[in-house]
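Working notes, structure below.
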Amino acid sequence: MAWHTSAMPELPEVETVARDLQRWVAGAQITDAEVRWERTIAHPQPATLFVEQIRGARISRVGRRAKSVLVHLADGRVMTVALRMTGALIVAPPGAPDDPYARVVFHLADGRELRYRDPRKFGRIGLWEGGGLRARRHRGRRVGEAPAAYRVGDVFGRHGPEPLASTFSSARLAARLHGRSARLKTLLLDQSFIAGVGNIYADEALWRARLHPLRRADTLTRDEVRRLHRSIRSVLRQGIANRGASFSDYVDAQGEAGENGERLSVYRRTGEPCYRCGTPISRIVVGQRSTHFCPRCQPGPISAAGSEPRPPAAEVSA
Ligand SMILES: [Zn+2]
């Protein structure tokens, strides 16, 4: 169905994949790799060079940055996997039937395969030098070092902070919102503003914070910023706890769809009653993205600028 294409893995879905892979493939050795769709390999190119460089590598741990899975290798290099729309990383036991959608297959020393499956082929895999996740860019200036091997930090150089990091405080969010005239929905989707949030969790966070998606970032009160900060983190944590949303072709590393899709509050609930006040959920389009909100709990930007109607006191805590 067409609407399946509009949802893609966000922070909770990618985090779920990374945590599963950490359990299953940390310590495994990649004896060989097959690239079946060359354009999946973003770096190094050509794909034959990628295969040459990954052969023999040992996986030390698996993590995440923004919406990418990070496969850390024992020698310090990092393989990044951007799942984009329909990508999935699946661990197949020895003798498992082949998968026609597997674009890259990593053969592990114990006979298992780590398969990068991607029906629509938008995802990208890169292999980079390590050296920390920070880009070699500090306060807008390049520091030190002549152009060297492209490092993993540079891949994420333009990404904003991780919303679940302990350093991502309400004060930090307030500083980032300060002086920005952009609409909240637009900003939340902007990966340079905050990493990992996409259409689902942006709508969920705004509903929970009782903020209209079209509010200008610089009109938020301190209390509203605090609410937004808390809401972003709680919807992402809930998403991780439920192993991701089940929309789109997203599947976790076992090939199972997540459960969070059934537990969303506004996303794709157009016309259904708001869980807080019973008002039918509205849908508008912001920057070509479907946006779902409660017109009563999330008062519009015009009324918010003047006398903001008091939102209903009762709040669903789940
Ligand atoms: Zn409501």
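With only Lys, Arg, Asp and Glu charged, each at its Cβ (+1 for the first two, -1 for the last two), find how big the charge dipole of the stretch 11-155 is about the Cα centre; round to the nearest 20 debye. Intermediate results must be reported in sequence, preceding the final value.
Working: 26 positive and 16 negative charges, 174 e Å.
Once rounded to the nearest 20, the dipole reads 840 debye.
Could you tell me how far the Cα centroid of the stretch 155-199 sits from the Cα centroid of the stretch 32-61, in Å?
A separation of 32 Å, based on Cα centres.
Find the eigenvalues of the gyration tensor of the Cα atoms of the stretch 54-102, then list the square roots of 5 times those eigenvalues as equivalent ellipsoid semi-axes, largest first, in whole angstrom. Could you put the intermediate results ahead of the total?
Values: eigenvalues 87, 57, 14 Å².
Equivalent-ellipsoid dimensions as semi-axes: 21, 17, 8 Å.
Can you send over the carbon and sulfur percentage of the accessible area for the stretch 11-155, probe radius 1.4 Å, protein chains only?
Values: 3360 of 6840 Å².
Within the stretch 11-155, the accessible surface is 49 percent carbon and sulfur.
Quote the relative contact order of the stretch 14-73 in percent (integer), defining contacts as alpha-carbon pairs under 8 Å separated by 6+ residues.
On the way: 82 pairs, mean separation 26.0, N = 60.
Rounded, it is 43 percent for the stretch 14-73.
Report the gain in length on full extension from R180 to Q288: 0.36 nm times residue separation, minus Cα-Cα distance, nm rounded to one decimal. All intermediate terms of the calculation are to be shown ahead of the outcome.
Numbers: separation 108, 0.36 × 108 = 38.88 nm, distance 2.03 nm.
The span from R180 to Q288 would gain 36.8 nm if fully extended.
Going highest first, how would you order 78-90, 95-107, 153-165 by mean Cβ packing within 10 Å?
Working: 78-90: 23.1, 95-107: 15.8, 153-165: 17.3.
Top of the packing list down: 78-90, 153-165, 95-107.
For the stretch 11-155, just the Cα set please: Rg and Dmax, both in angstrom.
15.0, 51
Take L114, L220 and sort them by solvent-accessible surface of the protein heavy atoms, 1.4 Å probe, largest at the top. Write out the running numbers ahead of the final one.
Values: L114 5, L220 25 Å².
Correct descending sequence by accessible area is L220, L114.
The values are calculated or read from the model by the stated rules, or taken from the named source; none is laboratory data. These figures come from a predicted structure and were not determined experimentally. Methodologically, a virtual Cβ is constructed for each residue, glycine included, from the backbone with ideal geometry; neighbour enumeration extends over all protein chains shown. What goes into the accessible areas is simple: the full protein's heavy atoms, side chains included, and nothing from ligands, DNA or RNA. Shrake-Rupley method; radii C 1.70, N 1.55, O 1.52, S 1.80 Å.
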